[in-house]
1. Which value in deg cm²/dmol, rounded to the nearest 500, describes the helix-derived mean residue ellipticity at 222 nm for the chain, given -39,500 (n - 2.57) per DSSP H run of n ≥ 4 and division by the residue count?
2. With everything on Cα atoms, drop me the angle between helix 28-42 and the longest principal axis of the chain, reported from 0 to 90° to the nearest 10.
3. Just the Kirkwood number for region 15-85, please: inverse of mean 1/r across all distinct Cα pairs, in Å, one decimal.
4. Please report the net charge: other residues with Cβ closer than 14 Å to the Cβ of SER45, K and R +1, D and E -1.
5. Can you give the Rg to Rh ratio of the chain, both from alpha-carbon atoms, with Rh computed by the Kirkwood formula?
Amino acid sequence: VPLCLSAILEWGAPPLITMFFAGSTPDSAHLQSALGYGRVYFNVSMLMVMLGLSAYLWNVLPGCIGASRRDRIPHYFRRAVVLAALSCLPSCALQFVSAPVLRCVGVEPSIAAAVGTYTRVMAGGAPLPLLDIQ
């Protein structure tokens with residue numbers, strides 16, 4: 001139960017609360033469209049990349065513990081964070097060009113501009129989930 005509650009509070013409640021507040025604004029259809037596109041763009045081009053890059057630490061950590069080599073854990077953690085951060089730089093750059101990318105695939109320019117603002121803000125906070133995932 002605690003793990004389920006934690007997952008709901010981390011991954012389920014924030015998008016629902018955001019959409020609830022967005023639905024309460026005067027121009028809610030535009031804002032909800034921008035939030036939907038923005039969350040999908042960020043999750044696909046940044047969050048999923050970070051989750052994939054965290055697989056390194058998830059694979060070496062059990063070996064350290066099983067081999068009673070806990071002294072290697074800090075080294076592997078630093079290596080995983082540095083490699084993931086460097087590998088996420090192209091994904092982070094994609095967040096700053098999200099508006100032109102979305103306009104190229106046919107999204108309305110006003111929605112694409114709002115998505116660009118959203119993804120730039122989210123890119124600024126991207127190092128925090130990177131550390132949390134590790």
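Every read-out reported here was derived from the displayed coordinates using simple, explicitly stated rules and does not represent laboratory data. Owing to the predicted nature of the structure, the values given are computational and were not obtained by experimental measurement. In this analysis, Cβ positions are derived from the backbone assuming ideal geometry, glycine residues included, and neighbour counts consider all displayed protein chains.
1. The helix contribution divided over the chain gives -23000 deg cm²/dmol.
2. So the inclination is approximately 30 degrees.
3. After inverting the mean inverse Cα-Cα distance, the result is 14.9 Å.
4. Residues near SER45 contribute +2 overall.
5. Numbers: Rg = 18.0 Å, Rh = 16.7 Å.
That ratio is 1.08, to two decimals.
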